[in-house]
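Peer 1: Shown below is the structure under consideration.
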Amino acid sequence: MDWNDFLEYMSDRFRLTPEQREVFVARLADENRDKSNTALATMLNLSEASVKKHLNAVYTIAGHEFPSLADVKGRGK
């Protein structure tokens, strides 16, 4: 299983909405690793606030299995 397949699998496992899935997969894609949320929002044709909203929702959902994601200080580590 490659990384993109894994992200799709996790999207299904977390039962993400299509919008959450799009942002989640884009945020964690290897090619976007160094991009800011502003750049990611531009790439996805969304507002930065929308990207943050979707990511926060994903972190909350995923936080049930991965507690460090539920803690803002633990994200990205």
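The values are calculated or read from the model by the stated rules, or taken from the named source; none is laboratory data. Since this is a predicted model, take the numbers as computed values, not measurements. Calculation scope for accessible area: heavy atoms of the full protein, side chains included, ligands and nucleic acids excluded. Shrake-Rupley method; radii C 1.70, N 1.55, O 1.52, S 1.80 Å.
Peer 1: Please compute the alpha carbon radius of gyration of the chain, then divide it by the globular-protein estimate 2.2 N^0.38 Å. Two decimals is fine. Spell out each step's value before the answer.
Peer 2: Working: Rg = 11.8 Å, N = 77, 2.2 N^0.38 = 11.5 Å.
In units of the 2.2 N^0.38 Å rule of thumb, it is 1.03.
Peer 1: Using a probe of 1.4 angstrom, how much of the accessible area of the chain is carbon and sulfur, in percent? Present the calculation step by step, with values, prior to reporting the outcome.
Peer 2: Numbers: 2770 of 5180 Å².
Carbon plus sulfur share of accessible area: 53 percent.
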